[in-house]
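Each remark here refers to the structure printed beneath this line.
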Amino acid sequence: MMPGWMGTSSREKIPASAGDEELRMIPRWSMALAIVLFAGMQYVFHGVMPHYKHELLPLRLMMGYAWGSLVASYALLLGYVSRDVKRRGMSPGLWMLVCVVLPGGIGAVVYFMLRQPVLSRCPNCSTTITASYHYCPQCQFQMAPVCGECHRGVKITDVFCTRCGHDLAQDGAPARLRAYSD
């Protein structure tokens, strides 16, 4: 038996978190641009700017890395926004313009404050709906499990409603939503 701090065995799978899925949305062009911008800032601080006193070398190193990281992070943010905007069904051109034109990352802050929820499709009628809906508004297809008493959303593995205590086994949930209760 190996201690937990020594690593995981080949049989154990580490589940991907939601943050990993969000990071995978950053396009390769944005990553390449971030690397180029970081290297460009290093060139500016160490090649272009005059340096007469060698005792200021630590300050130049710190400023080069700080500004390089800032500019590279902004390039990665623009890449993320370019993909996230399409996933949410918003206008990509408008939001990229807002993010680039507004100074100091204010455009990205505005985007994150005003972005629409993630959309999904109903498997029954293909209507585009918000992921938080429990029923399709067009065909009343049950998208997620709900309590038959208080009609609030419940987890698929719950036996009793967390809000009202109703026995969920009594509800006539579709077979696809009863998979974990049997």
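A few remarks follow.
- Backbone N under 20 Å from the LYS155 label point (7 Å along Cα→Cβ), restricted to segment 121-139: 132-134
- Put a dot 7 Å past the Cα of THR162, heading toward its Cβ, do the same for ALA32, and the two dots end up 4.5 nm apart.
- Sequence-ordered 3J(HN,Hα) estimates for segment 109-119 from the Karplus curve with 6.51, -1.76 and 1.60 and θ = phi - 60° stand at 5, 4, 4, 5, 7, 10, 5, 7, x, 5, 9 Hz, glycine and proline given as x.
- HN-Hα J in Hz across segment 34-43 - Karplus 6.51, -1.76, 1.60, θ = phi - 60°, x for Gly and Pro: 5, 5, 5, 5, 4, 5, x, 5, 5, 5
- Computed E for HIS51/VAL71 - FRET, C-beta separation, R0 30 angstrom, nearest 0.05: 0.90
Here, each number is a calculation from the coordinates, and none is a lab measurement. Treat the numbers as computed from the prediction; the structure is a model and nothing was measured. When we count neighbours, we look across all protein chains shown, and the Cβ atoms used for this are built from the backbone with ideal geometry, even at glycine.
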